[in-house]
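Engineer: Have a look at this one.
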Amino acid sequence: MSLFRQLRFHTTVNDLHMLPGGGIEVAFAGRSNAGKSSAINTLADHNRLAFVSKTPGRTQHINYFDFGQGRFLVDLPGYGYAQVPEPIRAHWEHLLGQYLATRPNLIGLVLLMDARHPLKPLDERMLDWFIPTGRPVHALLTKADKLTKQEQAKTLSAVRDKLAAWPQCTVQLFSSLKKTGIEEAENVVGGWFAAAQAEAEDHSGT
């Protein structure tokens, strides 16, 4: 069975103090209109695993999904949606920054961006918070089906060039509608988990 098809809902929290204690986790983050929930559902081959709101920015909780074997996917609240009240938006962006910079269980970040509008200022802020940890980042350029093949290639190249300064950053195209990019994304995340588990075994002396 593929990695993502094992995903099961685990828990929801609305404060960093309530985060689960054990295990290792990969976070999915993105702007409220980046198609994050749709991407998680597509990867898991499950239409309703992650909640897809008709109003972007509505879901302001941290949702944990369990892969099994102490591995978790953390679905972070969408950021940057204009109609969320400013105090709420500021509160969640602060919490996201804290989580990305300080969470010891976090082994990698999947940053989802609309392929038509990648690397907006808030996306770059997420990178600024996370890149200093030295952990890997994989940029998932969603809604790639909205672009022509030529536009896809140009966008992919442009984002790669902008992220080239950080060797731990990788990037790919993805489409929930066309179900393209699933295997590549799964290989990246699966590789992170495998590397983290191998490192833990080395440290334990087994």
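The values are calculated or read from the model by the stated rules, or taken from the named source; none is laboratory data. Being a predicted model, the structure only gives us computed values, none of them experimental. Note that each Cβ is placed from the backbone with ideal geometry, even for glycine, and that neighbours are counted across all protein chains shown. With ligands, DNA and RNA removed, areas are computed over all heavy atoms of the protein, side chains included. Shrake-Rupley method; radii C 1.70, N 1.55, O 1.52, S 1.80 Å.
Engineer: Select from the range 169-203 the residues that are of a type in the set (S, T, N, Q) and open to solvent by 80 Å² or more (accessible area, probe 1.4 Å) and list them in ascending order. Show your work before the answer.
Structural biologist: Here is the first cut: in the range 169-203, the residues of a type in the set (S, T, N, Q) are 170, 172, 175-176, 180, 187, 197.
Within the range 169-203, just ASN187 meets the criteria.
Engineer: I've got another one for you. For a quick check of your reading of the model, give me the residue pairs whose first member lies in the range 169-182 and is free of Cβ contacts under 8 Å to residues at least 60 places away in the same chain, whose second is assigned to a loop (DSSP other than H, G, I, E, B) and small (Gly, Ala, Ser), with beta-carbon atoms closer than 7 Å and at least 6 apart or on different chains.
Structural biologist: From the range 169-182, the pairs are GLN172/GLY181; LEU173/ALA115; LEU173/GLY181; SER175/GLY181.
Engineer: From the set of residues in the range 119-168 that are of a type in the set (S, T, N, Q) and touching a residue at least 24 places away in the same chain (Cβ under 8 Å), which is least open to solvent (accessible area, probe 1.4 Å)? Let's see the steps before the verdict.
Structural biologist: Let us first name the residues in the range 119-168 that are of a type in the set (S, T, N, Q), namely 133, 142, 148, 150, 152, 155, 157, 168.
Okay, now just the ones that are also touching a residue at least 24 places away in the same chain (Cβ under 8 Å), so 133, 142, 152, 155, 168.
Numbers: THR133: 46, THR142: 5, GLN152: 30, THR155: 26, GLN168: 45 Å².
Top of the filtered list is THR142.
Engineer: Please name all residue pairs, on different chains or six or more residues apart, with Cβ atoms under 7 Å, provided the first residue is in the range 186-206 and is part of a helix (DSSP H, G or I) and the second residue is modelled with pLDDT under 90.
Structural biologist: GLU186/SER2
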